[in-house]
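The values are calculated or read from the model by the stated rules, or taken from the named source; none is laboratory data. Nothing here was measured: the structure is a model prediction, and the numbers come from that model. Virtual Cβ from ideal backbone geometry, glycine too; neighbours counted across all protein chains shown. Surface accessibility is based on the protein's heavy atoms, side chains included, excluding ligands, DNA and RNA. Shrake-Rupley method; radii C 1.70, N 1.55, O 1.52, S 1.80 Å.
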Amino acid sequence: SDLVESMIDDFGGLIDAYGHIPNGARTYYLSRSQPPFFFAMVGLSPAARDPEAYKARVALMRREHAFWMEGEQDLKPGQAHRRVVALADDTVLNRYWDDRETPRDESYREDLETALKSSRPAADVFRDLRAGAESGWDYSSRWMADGQSLSTIQTTAIVPVDLNSLMYGLEAAISAGCARIADAACVGEFDARARARKAAMDAVLWDAARGVYLDYLWTGGERVDALSAATLYPLFVDAASPDQAKAVASATRAQLLASGGLRTTTRRTGQQWDTPNGWAPMQWVAVAGLRRYGETALASDISARWLATVEREYRASGKMLEKYDVEEAKAGGGGEYPLQDGFGWSNSVTRALQESGG
């Protein structure tokens, strides 16, 4: 539709101006990005609509990729720079980051209070808080060294499942896009990049014993032993094998599925990106990813439970909400700010799930 095309062009305009899509369209958000979903937006538009416009969008995807990979050439194993981390075998994966190490403008007092509770240098805490905001999961036990306290936040020490899945999706989309515009050198480069990233994800993020994808603490050389809904991202971008997808589906049903939808994590911390909260984007990533691998029963179950939660709260309050408590099928809570009403992603995911058969 024209609305979709206009939105893609608007986001593309931000990449054209700044090299990335900032965390928000305000000057103090320029030091961090949104997670790289732009390739998925471009995928909603038919490539044949306007060949020149499509070529320009492929160039924008390459520019966003370059932003996330800046500094990769000079890294030695065990080093990190901005959003890239070099592992022991010379593999490069990504992390969340922010170019500033000061309190966030929008949460200045909260960040100062968090830093005061930490034994680490305040600048490091501020950077990790900002990187957590770049992830979109602000905040979650995923980023906490002790799994409970925000003052132990260590976002930049973590190679996350969701970010690297999106980067794989971006690399695969660039390869496919370059094939359409007959740029053979680009196809070769990004096909190789995608294959190398998938191999690295299998080596570093895949926990074969548990049958799930887990975040990786690159500063400690070990996976973070905490399951989250991010484990479904490799399915969303087609980076999992059929056996991996089957194992993830099994773990999801056993540990992440609640009566009212998909839990964000299995830990209860009072942070908004932890249980009992569920979020619309995570439901969509899960349902779309599971359907991609033929796990239609679980996908339908998540969808039906989530829609029932949304409908129940809508009947009770007359509102669509930013997040929901999927344990008790009611309004969500936690975090640094009051619950927001009438949220775009809740509206759109509800509509999409209803249209795709629940």
Filtered residues of segment 40-51 (kept if of a type outside the set (A, V, I, L, M) and open to solvent by 50 Å² or more (accessible area, probe 1.4 Å)): G43, P46, R49, D50, P51
Scope segment 301-358; condition among the polar types (S, T, N, Q) and in contact with a helix residue (DSSP H, G or I) (Cβ under 9 Å, 6 or more places away or on another chain); matching residues: S303, S346, N347, S348, T350, Q354, S356
Among residues of segment 15-32, those that are of a type outside the set (D, E) and closer than 10 Å to E64 by Cα, counted: 5
Selection count, segment 113-151, where residues are under 19 Å from Q272 (Cβ atoms), surrounded by fewer than 17 Cβ atoms within 10 Å (Cβ to Cβ) and more than 22 Å from the chain's Cα centre (by Cα): 2
Residue within segment 299-307 that is among the hydroxyl-bearing types (S, T, Y) and surrounded by fewer than 21 Cβ atoms within 10 Å (Cβ to Cβ) present: yes
Extreme residue, nearest to A59 (Cα to Cα), among residues of segment 175-200 that are outside any helix (DSSP H, G or I) and of a type in the set (A, V, I, L, M): I181
Qualifying positions in segment 59-92 - open to solvent by 30 Å² or more (accessible area, probe 1.4 Å) and assigned to a strand (DSSP E or B): A80, H81, V92
Total residues in segment 248-283, condition surrounded by fewer than 20 Cβ atoms within 10 Å (Cβ to Cβ), over 23 Å from L339 (Cα atoms) and of a type in the set (G, A, S): 3
Residue within segment 18-29 that is of a type in the set (G, A, S), part of a helix (DSSP H, G or I) and out of contact with any His (no Cβ under 6 Å at 6 or more places or on another chain) present: no
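Quick grid of which residues meet (1) open to solvent by 40 Å² or more (accessible area, probe 1.4 Å); (2) within 22 Å of T296 (Cα to Cα):
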{"position": "G211", "(1), (2)": "no, yes"}
{"position": "G221", "(1), (2)": "yes, no"}
{"position": "V224", "(1), (2)": "no, no"}
{"position": "S228", "(1), (2)": "no, yes"}
{"position": "T231", "(1), (2)": "no, yes"}
{"position": "F236", "(1), (2)": "no, yes"}
Cβ-Cβ under 8 Å pairs, at least 6 apart or on other chains, segment 147-164 side touching a residue at least 24 places away in the same chain (Cβ under 8 Å), far side of a type in the set (D, E) and part of a loop (DSSP other than H, G, I, E, B): T152/D146; I158/D215; V159/D215; P160/D215; V161/D215
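Residue under question is Y54, and the condition is that it be modelled with pLDDT under 95, of a type in the set (F, W, Y) and surrounded by 17 or more Cβ atoms within 10 Å (Cβ to Cβ); does it hold?
Working: modelled with pLDDT under 95: yes; of a type in the set (F, W, Y): yes; surrounded by 17 or more Cβ atoms within 10 Å (Cβ to Cβ): yes.
Answer is yes for this residue.
So, in segment 302-358, how many residues would count as being among the aromatic types (F, W, Y) and more than 19 Å from the chain's Cα centre (by Cα)?
Number of matching residues: 3.
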Residue match in segment 293-300 (condition: over 26 Å from V237 (Cβ atoms), modelled with pLDDT of 90 or more and assigned to a loop (DSSP other than H, G, I, E, B)): no
Yes/no for L257 being of a type in the set (A, V, I, L, M, F, W, C) and closer than 30 Å to A203 by Cα: yes
